[in-house]
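Quick notes on the structure that follows.
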Amino acid sequence: CALQCQRFLISKVGEDWVFLILLGLVMALVSWAMDFAIATCLQAQKWMYGGLDTNVLLQYLAWVTYPTVLITFSAGFTQILAPQAVGSGIPEMKTILRGVVLKEYLTFKTFVAKVIGLTCALGSGMPLGKEGPFVHIASMCAALLSRFLSLFGGIYENEARNIEMLAAACAVGVGCCFAAPIGGVLFSIEVTSTFFAVRNYWRGFFAATFSAFIFRVLAVWNKDEETITALFKTRFRLDFPFDLQELPAFAVIGIASGFGGALFVYLNRKIVQFMRRQKTINRFLMKKRLLFPALVTLIISTLTFPPGFGQFMAGQLTQKDTLVTLFDNQTWAKQGLNDEFEYLGILEAWRHPRSNVFVTLVVFILMKFWMSALATTIPVPCGAFMPVFVIGAAFGRLVGESMAAWFPDGIHTDSNTYRIVPGGYAVVAPDNHPHMSWGGRRGWGAVTHTLSTAVIVFELTGQISHILPVMIAVILANAAQGKVGGITLRPPLLSPVRKYNVRVEDIMVRDIRYVTLNCKYRDLQQVLHSTKMKNLPLVES
């Protein structure tokens with residue numbers, strides 16, 4: 001009886017759904033713990049800055065030293081423990097899913113380096129993202145789980161199955177990062193595979209939904225939320241979300257975001273190429289590896305220092321607070337005069353006594369643009385999704401505020417007058433960014449034309465009322481990126497084919513063991529004894 005129970009358990013542990021539930025659970029716990037640690041780090045910086053409000057110099061020192069120490073630690077830690085953890089990890093995942101073996105990218109050492117490095121990098125408050133690294137972390141989780149569960153049964157030693165599980169893990173990564181399971185599944189299809197096996201579809205969706213559910217339940221359990229809600233809850237009116245005459249404005253946002261996204265990738269690549277080409281800089285940075293991250297952090301944190309230049313670009317807000325304020329459904333600029341509008345709580349950061357909201361938003365967009373492009377070249381685990389997302393939201397808000405100032409009473413329809421909601425524009429803009437895939441020092445940006453970002457936005461904000469403008473903007477942004485992308489951004493991967501005149505038959509292995517349909521038991525036994533190969537071809541005769 002005990003043996004039968006044991007066999008039954010082992011056969012069940014070998015099933016997909018057990019693995020997917022475990023993967024979802026582990027990733028939700030990792031995601032929640034990291035978010036908690038990141039929030040604590042950011043809170044500590046605010047606390048230090050707030051506690052020293054008697055002396056501006058001390059405030060500045062605290063504001064600058066804290067992120068510099070965190071980023072330098074993150075860079076040093078990943079460099080020593082596992083240099084493979086640098087960057088986003090999505091290019092590596094694409095490579096692995098196409099069947100290339102990169103063993104060191106899915107080890108426990110890389111997992112630890114990635115988790116701790118990413119926590120410190122995001123806790124520093126630099127404009128860095130976490131979506132790409134989360135996809136990598138989830139994939140490492142899947143690989144390690146497979147290895148652990150292979151102790152129970154042989155099914156986990158099957159290589160093809162492991163690759164299918166990695167595809168599901170990519171969906172889980174996004175699912176528990178933004179609590180967006182549907183966007184996660186779409187993302188895993190768009191970003192990771194050239195072809196997609198439909199049987200992976202339910203796997204990704206099942207694991208991502210479970211993971212997102214647990215991730216939000218943990219937030220309720222920790223008293224962060226009252227119930228399970230979207231991460232950035234918006235409250236736009238549903239009866240009349242936007243006027244038809246506003247669609248051209250949404251179209252403009254789409255086209256501008258498309259070009260902006262392509263420009264971001266271009267700028268990012270130029271920075272990396274510049275540092276590579278300057279031999280003196282390159283040699284110096286190779287010797288003193290931690291100096292570059294420290295310098296970049298020092299420059300960025302100096303410019304965001306709230307009493308200094310930071311007052312013109314909402315410097316004291318974290319990325320999360322920035323998004324919450326940008327999605328706010330009140331109009332900030334009443335004909336460009338600030339005094340008539342009461343800024344509440346964190347909205348205060350956008351207010352400046354000597355300039356209006358438009359100046360603050362323009363400065364914010366321009367500064368964040370080059371800062372994010374520079375920050376994503378630091379050799380720490382980081383992505384570029386969130387910073388570009390925030391820039392997009394700010395651009396949308398700028399267009400929305402301009403529209404609201406242009407039509408202060410809203411656009412008149414037959415009888416009713418509905419005010420313009422600038423927050424709606426902030427929701428439309430972020431979906432059109434390029435997807436930057438960072439391969440650490442092998443810097444290359446891949447602009448994937450993703451629709452998943454649009455779905456992720458709906459799941460993040462919990463509102464689908466702007467689905468039409470978002471889709472229009474996404475299509476136009478993709479068209480704009482295609483125009484630019486083909487010219488500047490795609491490096492020639494292969495030189496012309498005529499250089500290669502080696503044929504497959506010149507390099508293929510001919511003496512290969514195989515199984516035929518009509519082979520006897522004895523033949524099969526002989527084949528198995530005579531080869532170490534795990535996979536055998538099955539042929540008709």
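One table, with the values for the structure above:
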read-out: Simple Cβ-charge dipole of the chain, Lys/Arg +1 and Asp/Glu -1, about Cα centre, in debye nearest 20; value: 2580 debye
read-out: Interchain or long-range residues, amide H under 5 Å from Leu451's placed H; value: none
read-out: Helical mean residue ellipticity (222 nm; -39500 (n - 2.57) per DSSP H run of 4+; nearest 500) of the chain; value: -20000 deg cm²/dmol
read-out: Diffusion coefficient, µm² s⁻¹, Stokes-Einstein with Kirkwood Rh over alpha-carbon pairs of region 56-124 at 10 °C and 1.306 mPa s; value: 119 µm²/s
read-out: Evaluated at q = 0.06, 0.10, 0.12 Å⁻¹: base-10 log I(q)/I(0), Debye formula over Cα of the chain; value: -0.33, -0.86, -1.18
read-out: Positive-end extreme of charge dipole, the chain - chosen from Ala160, Met533, Ser372 (charges on Cβ); value: Met533
read-out: Net charge over other residues, Cβ less than 12 angstrom from the Cβ of Glu226 (K, R count +1; D, E count -1); value: +1
read-out: Radius ratio Rg over Rh of region 1-222, counting only Cα atoms, Kirkwood formula for Rh; value: 1.06
read-out: Per-peptide average of other Cβ atoms within 10 Å, ordering 374-385, 267-278, 288-299, 74-85 highest first; value: 374-385, 74-85, 288-299, 267-278
read-out: Peptides 347-358, 61-72, 223-234 ordered by average Cβ neighbours within 10 Å, highest first; value: 61-72, 347-358, 223-234
read-out: Amide hydrogen neighbours beyond the local backbone of Thr516, cut-off 5 Å, H modeled; value: Val539
read-out: For region 163-178, 3J(HN,Hα) per residue [Karplus equation, 6.51 cos²θ - 1.76 cosθ + 1.60, θ = phi - 60°, Hz, x = Gly/Pro]; value: 5, 5, 5, 5, 5, 5, 4, 4, 5, 5, x, 6, x, 8, 7, 10
read-out: Long-range HN-HN contacts of Tyr418 with modeled amide H, under 5 Å; value: Ile411, Thr413
read-out: Per-residue HN-Hα couplings for region 112-118 [Karplus 6.51, -1.76, 1.60; θ = phi - 60°; Hz; x = Gly/Pro]; value: 4, 4, 5, 5, 5, x, 5
read-out: Antiparallel DSSP beta bridges within the chain, as percent of all bridges there, nearest 5; value: 60 percent
read-out: Packing-based ranking, highest mean first, of 509-517, 130-138 given that Cβ atoms within 10 Å are counted; value: 130-138, 509-517
read-out: Given charges at beta-carbon only (K, R positive; D, E negative), |dipole| of region 78-143 in Debye; value: 100 debye
read-out: 1.4 Å probe accessible area per residue over region 1-222, in Å²; value: 42 Å²
read-out: Region 97-109 - phi-based ³J(HN,Hα) in whole Hz, Karplus 6.51/-1.76/1.60, Gly and Pro as x; value: 5, 8, x, 8, 7, 10, 4, 5, 7, 10, 9, 5, 4
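The values are calculated or read from the model by the stated rules, or taken from the named source; none is laboratory data. Just so you know, these numbers come straight off a predicted model, no measurement behind them. Here the Cβ is made from the backbone with ideal geometry for all residues, glycine too, and neighbour counts use every protein chain on show. When the accessible area is computed, the model is the full protein with side chains, heavy atoms only, and any ligands, DNA or RNA have been set aside. Shrake-Rupley method; radii C 1.70, N 1.55, O 1.52, S 1.80 Å.
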